[in-house]
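No lab work stands behind these numbers, since they all come straight from the coordinates. The shown structure was predicted, so the numbers you read here are calculated from the model rather than taken from an experiment. Glycine gets a Cβ as well: all are built from the backbone with ideal geometry, and neighbour counts include every protein chain shown.
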Amino acid sequence: MKKLLITGLLIVILSSCGSGGGGGQGTVEVSGQVTGPGGAISGAEIVTNSGLTTTTDSSGNYSINIPKGVPVVLKVKAVGYKGYLGGGVFTKDKTLDFTLTPTSNNEMPKVEGISN
């Protein structure tokens, strides 16, 4: 009888630790829009430090599910624009909009040992 009671109690405890419980279980949705001076940026890529990735649609909108309560780094990049790097710990769904700055046409990347 004690064994059955302990087993039942263990099942209840384990089931309460599922996706809705604390301790970083489950995911949250981070969504928003990526824009530049000319408006929405289609095809921008959002990548996390854990390798999760998504791409913006034709309106610049994106949505990505990330682990709840875990530190996450977000990198936003698009061809012709300077990237964004930031992050945080997300415990609930969040809207994050990004405004990227275009790289200038005459901007040359610095290469170590070569002066521009």
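Annotations for the structure displayed:
- Sum of side-chain charges, THR55 neighbourhood, beta-carbon under 11 Å (Lys, Arg +1; Asp, Glu -1): -1
- Full-stretch length increase - SER104, LYS75 - with 0.36 nm per residue and alpha-carbon distance subtracted: 8.4 nm
- Mean Cα-pair separation over length for the stretch 26-99, i.e. relative contact order, pairs under 8 Å, 6 or more apart, %: 39
- Alpha-carbon Debye profile of the stretch 63-105, log10 I(q)/I(0) at 0.32 Å⁻¹: -1.22
- Values of log10 I(q)/I(0) for the stretch 26-99 across q = 0.13, 0.21 Å⁻¹ run -0.33, -0.84, by the Debye formula with one identical scatterer at each alpha carbon and no solvent.
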